[in-house]
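What follows is one structure encoded as structure tokens, with my remarks underneath.
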Amino acid sequence: MEIQFHTRQREGIQICDHFLLGNCPQGSICELHHTRYPYHWQVKRKDSQVWQSVNDSAQRHLEKLYSDIERAHVKLIDKKALCGKLNLHTLKIGHHGPFSNIRRLSNTSDPEQNSHFPTEWAVYWQDGSMWKKYEEAAFENGAQEHVFQLRGHVYTVNFKNHLIYNHNTGNTHIIQLRPTYRSPLQMLPWLCTIPSSPSGLHHPTSNIPGEDPTDGYSGPYPADWIKPPKGSVPFTKEEVLPSETAYHAIYTVFHKTLSEDNVLLLSVHRIRNDFLWQKYCSQKDLMSQGLSADEKLRLEKHLFHSTSARQLGFTCQIKFDTHLSGSHTYSRGCYFTVGADQADRYAQAGRGGLRHMFLAKVLVGKPTCGKKHYCQLPQRVSGRECYDSYVDNVASPNIYVIFNSYQCYPYFLISYKLLSDPVVL
């Protein structure tokens, strides 16, 4: 059953915590907001003067930016590429854009009403050019004012008026309240507004044969609940949900080298192309012949490969293009990297900064060190067979170069943005 959301135009209404936790008895007639997250951003356009919700990626992008006190401004872009500039300290939008106002809706901050993800506010005040985080006890206990000393100065914080007063100098400064950011992963399994499992997958936390590069699987496409391609388009894609084991693994390896402070992972999709998958499995069976058990464990890896929106369709429909290899640093071929940060260096941003990379299945086999002028793989010293791939360093490879397109399959597609990119509403 599809989850039904709604928001109200009136001010001063909270997000319904019962709805977030999956037990609102009033449903569509509830006077509170029913939103996907315990926060929700809306803009008011100058032409309509109606509050309208921004899209899902913009929700998370704005929330992530707003939770960082060091970020002061962000550029907003709508579907028509019209721009506005948002001041995150005042939540005011520049007059030259199409938007007149912005608001952030929130759930309760009372842990007795929601013990799993109540909104947690952090209080900051400016000491010279630095933002200082205020000790939270007085604010969280509901006090209106609190007096403290710092470096011989006495301060009074007024939480109601969002002001801090220096008794020694007589100066008054504005304090900033910012929410603590929680990713969807951090709110699972209590946040019930995110689907718990894709259709047909009964155990989303279980490992799926073939999605572990060391399990030696070679057979039908593993995620068999995804409908096979039909018609003229030879592939289908389906989102990997945050509740799945695969999502957790991808999230971890992606952010291992790309910090969550700089990058926002928007979505992960599985790609199903039965023709490419069969070719890949046949190649895997061929390369597995004569290998020892340890060699079979090292045969396949999950590696990153950056792509552009234009190249995306070609790769999913036909294959990885082994003629596209950037600067040919280690030879001509298709480049894959161990770290997401290396792939990101070659990512081509689309509108609003949207970027894509594959976490691909790659049969690296037995590699050798590559050189810029190499056009094909050399024979191994011990026999007539050729090496299977080039690497930048045989002892500790970070980059792999593949010549045979059937040695790689575009299994996972990752979409992401830099936090410094404009927010596309």
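Here, each number is a calculation from the coordinates, and none is a lab measurement. This one's a predicted model, so the numbers in the text were calculated from it and none came from an experiment. Virtual Cβ from ideal backbone geometry, glycine too; neighbours counted across all protein chains shown.
Values as computed for the structure displayed
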quantity	calculated
Over the chain: helical MRE at 222 nm, DSSP H runs n ≥ 4 each giving -39500 (n - 2.57), nearest 500	-4000 deg cm²/dmol
Separation in nanometres of the label points that stand 7 Å from Cα toward Cβ, at residue 8 and residue 248	3.8 nm
Normalised convex hull volume, the range 195-424, alpha-carbon set, Å³ per residue	137 Å³
Extension reserve of the residue 145-residue 297 stretch, reckoned as 0.36 nm per residue once the Cα distance is removed	48.5 nm
Exposure proxy order (Cβ contacts within 10 Å, fewest to most) of 425, 65, 91, 377	91, 65, 377, 425
Percent of C-alpha pairs per 5 Å bin, the range 198-287, short to long	2, 12, 20, 21, 19, 15, 8, 2, 0
Amide N of the range 46-75 lying under 11 Å from the label point, which is placed 7 angstrom from the Cα of residue 83 along Cα→Cβ	75
Over the chain, volume per residue of the alpha carbon convex hull, in Å³	197 Å³
Ascending count of other beta-carbon atoms within 10 Å, so fewest first, for 196, 259	259, 196
The range 378-425 and the range 4-31: distance between their alpha carbon centers, rounded to Å	47 Å
Distance (nanometres) between label positions extended 7 Å along Cα→Cβ at residue 288 and residue 104	5.1 nm
Protection-proxy order for peptides 47-53, 405-411, 385-391, 171-177, each taking the mean of Cβ atoms within 10 Å per residue, highest first	405-411, 385-391, 171-177, 47-53
The range 140-192: radius of gyration over Cα atoms, expressed as a fraction of 2.2 N^0.38 Å	1.67
Stretch gain in nm, segment residue 162-residue 420, where the contour uses 0.36 nm per residue and the Cα spacing is subtracted	90.1 nm
Hydrodynamic radius (Kirkwood) for the range 39-106, which is based on Cα pairs only, to one decimal in Å	12.1 Å
Point-to-point label distance, residue 227-residue 386, nm (Cα→Cβ direction, 7 Å offset)	4.1 nm
